[in-house]
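Here is the structure we will look at.
Readers should treat all values here as calculations from the given coordinates under stated rules, not as data from a laboratory. Since we're looking at a predicted model, the values are computed, not measured. So basically every Cβ, Gly included, is an ideal-geometry build from the backbone, and we count neighbours across all protein chains shown.
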């Protein structure tokens, strides 16, 4: 299976609004599988299409319950607020505190091509918001408290999971 490297901060795909995916076919299934592999190899909690240079509205995620995909996601509800440290596979070595909704409801199409609506909270809600930001051309550092931004080791063996 072909893999693709994660694009880094500065790549044009990371700052553009990704396009809707029309239909669900083998190309979409193959993209999902490729994204699962890249996310796992890079120890990510989530990975959006633009992060591999694919400007399509798709992301994959795995917060410990196995990998899943969301196509053309839309946040249809949000509640509460919490702040936590975030990092990003496209900006290795940088992290900072970001305030996000504590709970979100996201609708979209899953990895089986079925319309779904997922109520998420805490870490899963944070991952959804982070990845949907990528689809809109927004990076975590745009939302981070600038006073909390710091560099961290990028050694893969010691680096924690990233969004």
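Would you be able to tell me the number of residues in the stretch 89-100 that are in contact with a strand residue (DSSP E or B) (Cβ under 6 Å, 6 or more places away or on another chain), within 13 Å of residue 127 (Cα to Cα) and surrounded by 19 or more Cβ atoms within 10 Å (Cβ to Cβ)?
The total comes to 2.
State which residue is surrounded by the most Cβ atoms within 10 Å (Cβ to Cβ) when the search covers only the stretch 1-45 and only residues that are closer than 17 Å to residue 138 by Cβ and without any contact (Cβ under 8 Å) to a residue 60 or more places away in the chain.
Step by step, filter the stretch 1-45, then rank; the result is 13.
Quick check on my filter: what residues within the stretch 105-148 are surrounded by 14 or more Cβ atoms within 10 Å (Cβ to Cβ), farther than 24 Å from residue 28 by Cα and over 15 Å from the mean Cα position of the chain (by Cα)?
Within the stretch 105-148, 121, 144 qualify.
For the stretch 119-150, enumerate the residues that are farther than 17 Å from residue 17 by Cβ and part of a loop (DSSP other than H, G, I, E, B).
Hits for the stretch 119-150 are 145, 149.
Residue by residue through the stretch 17-35, note down the ones that are touching a strand residue (DSSP E or B) at 6+ places or on another chain (Cβ under 6 Å) and closer than 13 Å to residue 5 by Cα.
35
I need the full set of residues from the stretch 52-84 which are over 22 Å from residue 29 (Cα atoms) and either crowded, with 22+ Cβ neighbours inside 10 Å or more than 15 Å from the chain's Cα centre (by Cα) (or both), in order please.
If the condition is that a residue be over 22 Å from residue 29 (Cα atoms) and either crowded, with 22+ Cβ neighbours inside 10 Å or more than 15 Å from the chain's Cα centre (by Cα) (or both), then 76, 77, 78, 79, 80, 81, 82, 83, 84 are the ones that fit.
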